[in-house]
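S.K.: Just dropping this structure here.
No value in this document is a laboratory result; all are computed from the given coordinates. Computed from a prediction, not measured in an experiment: that's the story for all the values here. Virtual Cβ from ideal backbone geometry, glycine too; neighbours counted across all protein chains shown.
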Amino acid sequence: MNTPILGKENIKIIFIRPPYHLWPIINESDNFLLPLAYPCLGAYLKREMEGIEVKVIDCLPLKIGWKSLREIIAREKPDIVGVGDKVCYAHEGIKALQIAKELNPGVVTIAGGHFHSHLPKYSLDTYPSLDFIVRYEGEETFLELIEALREGRDLSRVASIAYRDNGNVIVTSSRPVIKNLDDLPFPDYDLMPVNKYAAFGKLWPKAITIQGARGCVYNCKFCSWTATEGEHHMEGGCEVLMSRHRKKSAKRVIEEIDFLYNKYGIRYLFWVEGTWNHDHEWVNAICEAVIKKGYKLGWWAFVRSDLLLEQERLGILKTMVKAGLRHTLIGGERSDDEDLEALGKGALQADDLTKACRLLEKKYPQVFRQATFVTGIRNESAGSMKKLGKFSRKVHLDFAAYHPLTPWPGTALWDEANKKGWLKERDFSKFDMFFPVMSSEYLSQEEISKLSQKLYKDFVLKQPLRYIKGLVSFYPIRRRLHWWFLFSISRVLFMDLRLSFSGKKKFEGFASANRLRKPGWYDN
């Protein structure tokens, strides 16, 4: 394939996170976590290849709208433009590639991330501005693709890519995952506007994303982590997913924390592992090292409740909290063990969430307790939703989030939903964790949406004293976050009321908190 970078000595690559619609309940600053894939890719490419210039345009923290983005792309004159977006934002990433092609039809456009990795034929058939897809883990594949294009090599021999050849979509065999993550360079945070992320945020105050592990040891049938970071291989003509969990050494993780703490003054971390507390010894080693260094850190982490209970019995949870654990997001999911088993949650039991949260409340009250719950499962009814709401209020959480079950491409749930005809929505911009894309056996999509919204309201209104107690908590992070949620919800309701009075929309009340909105600078 003849491309403009064939034989080119110096190549300019620009990764773009384009303007997005935002979550209304989250203020603009807290919408912006650093997209770790770009500094990881940039660092690897610059280490492994001569003549590479890498830039990242992250439109969100810099409030760069579409008009300004077009001007920047025109000025930079990139040879390659890359995007990688969440499912509900994939169309906005494609819009950035369309602009790049309009400015220079010869530019090479590449997409990665969850959506394009799992739907390569759909993406290449649907989006003519897209040239290549880098599937799953990006470092080695992106590098090999650029080398092949530069040297004119056979693209069919590059693993884990998809592209067109004479009008046909070619999907090459999957690449084994990187086994030793310590071999990767530090993410190149200098590519990013580090001080702009959550600059005035409350949910993630000046937090930076950090990753100590990839993949997951669990096989939750609805989870995108395993689907993207697991191992893929062909079996009987079909691509098969196997969970693969890999972690950096504790020593390497501490080196990255040192770097962020001392160079950038970072004091709050956002761990991006699907299950941060997956390995007792590993977690304990990291936390003991942080304590020994005297670092004053806080962090947010996705954790499992049954592992928290084990870590308390082993004496590790105390060390975790002392080192900086301040905000837990626990996958509570359902109130019945049978539902958890059907979702692939393994040995997890519903009562583990209650035990873990009451343990944190009693012994570690400085830790904010948040959990997610799944609504709209196949056997969902009005009665089961009511039961779930009652359960979530009795757990002693600070905040609960209720998300309609969404079949992400590449997951076991996606395969089942498509095979059995459950999927009612094909507009992927609506795969936003608030809009139900499936009905249940007993509830329509609209009923699931309304009942999910009611769960949010009931969580606060049916236990007002608990929420008021959080507003006056002795512990700063818990007090701040309770005020943050109250302010954010009130702001959304006020905005919705103002727009309804002006005749611009129908008043939705709390439901308006579950609609992505266009920020004022979006079009610029």
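S.K.: What whole number of Å gives the distance from the Cα centroid of segment 234-257 to the Cα centroid of segment 425-496?
M.R.: With segment 425-496 and segment 234-257 each reduced to a Cα centre, they are spaced 33 Å.
S.K.: How high is the relative contact order of the chain? Use alpha-carbon pairs under 8 Å, at least six apart in sequence, and give a whole percent.
M.R.: So the answer I get is 15 percent.
S.K.: So which chymotrypsin sites (Phe, Trp or Tyr not before Pro) in segment 158-244 are both in a DSSP loop and have at most 13 other Cβ atoms within 10 Å of their Cβ?
M.R.: Those that pass, being in a loop and sparsely packed, are 200.
S.K.: Just one of [x] 1.03; [y] 0.95; [z] 0.97 is Rg/Rh (Cα atoms, Kirkwood Rh) as worked out from the coordinates here. Which one is it?
M.R.: Matching entry in [x] 1.03; [y] 0.95; [z] 0.97: [y].
S.K.: Hey, how many Å between the Cα centroid of segment 166-199 and the Cα centroid of segment 114-133?
M.R.: Each part's Cα centre sits 17 Å from the other's.
S.K.: Looking at the square roots a ≥ b ≥ c of the eigenvalues of the Cα gyration tensor of segment 297-389, which shape do they give, rounded for a/c under 1.5, prolate if a/b is larger than b/c, or oblate?
M.R.: Note, shape of segment 297-389 comes out prolate.
S.K.: Note the full-extension length gain between residue 457 and residue 342 as 0.36 nm times their separation in residues minus their Cα-Cα distance, in nm to one decimal.
M.R.: Going from the current span to full extension adds 38.7 nm.
S.K.: Can you give the charge dipole size of the chain about its Cα centre, rounded to the nearest 20 debye, using +1 on the beta carbon of Lys and Arg and -1 on the beta carbon of Asp and Glu?
M.R.: Roughly 2520 debye, rounded to the nearest 20.
S.K.: From the square roots a ≥ b ≥ c of the eigenvalues of the alpha-carbon gyration tensor of segment 252-311, which class results: rounded (a/c under 1.5), prolate (a/b over b/c), or oblate?
M.R.: prolate
S.K.: Looking at the chain, which longest stretch skips every one of the GluC sites (Glu not before Pro) that is in a DSSP loop with at most 12 other Cβ atoms within 10 Å, leaving the sites themselves out?
M.R.: It works out to 51-440.
S.K.: For residue 379 and residue 9, calculate 0.36 nm times their separation in residues minus their Cα-Cα distance, and state this gained length in nm to one decimal.
M.R.: Contour length minus the Cα-Cα distance gives 127.3 nm.
S.K.: Using 1/(1 + (r/R0)^6) with R0 = 35 angstrom and r between the beta carbons of residue 62 and residue 292, what's the FRET efficiency to the nearest 0.05?
M.R.: 0.40
S.K.: Taking the Cβ-Cβ separation of residue 154 and residue 233 as r and a Förster radius of 22 Å, what is the calculated FRET efficiency to the nearest 0.05?
M.R.: 0.55
S.K.: Hey, what number do you get for the chain at 222 nm if only DSSP H runs of n ≥ 4 count, each worth -39500 (n - 2.57), divided across all residues, to the nearest 500?
M.R.: Mean residue ellipticity at 222 nm (helix-derived): -12000 deg cm²/dmol.
S.K.: Still on this structure, I have one more. Given Cα pairs under 8 Å that are at least 6 residues apart, what percent is the relative contact order of segment 206-462?
M.R.: 17 percent
S.K.: Measure out, as a whole number of angstrom, how far apart the alpha-carbon centroids of segment 279-346 and segment 45-72 sit.
M.R.: 35 Å
S.K.: Excluding same-chain pairs closer than 8 in sequence, count the lysine pairs in segment 274-347 whose Cα atoms lie under 21 Å apart.
M.R.: Step by step, the pairs that qualify in segment 274-347 add up to 6.
S.K.: Reachable lysines from residue 469, Cα under 18 Å, same-chain residues fewer than 8 places away excluded?
M.R.: Here the lysines satisfying the reach criterion relative to residue 469 are 362, 363, 394, 457.
S.K.: By how many nm would the segment from residue 387 to residue 498 grow when fully extended, if each residue of separation counts as 0.36 nm and the alpha-carbon distance is taken off?
M.R.: Here the answer is 36.5 nm.
S.K.: Treating cross-link reach as a plain straight distance, find the aspartates and glutamates whose alpha-carbon is under 15 Å from the alpha-carbon of residue 430, omitting any fewer than eight places away in the same chain.
M.R.: Residue 430 reaches 85, 92, 446.
S.K.: Moving on. May I ask you to derive the relative contact order of segment 11-171, considering only C-alpha pairs under 8 Å and at least 6 residues apart, and to give it as an integer percent?
M.R.: Relative contact order here is 21 percent.
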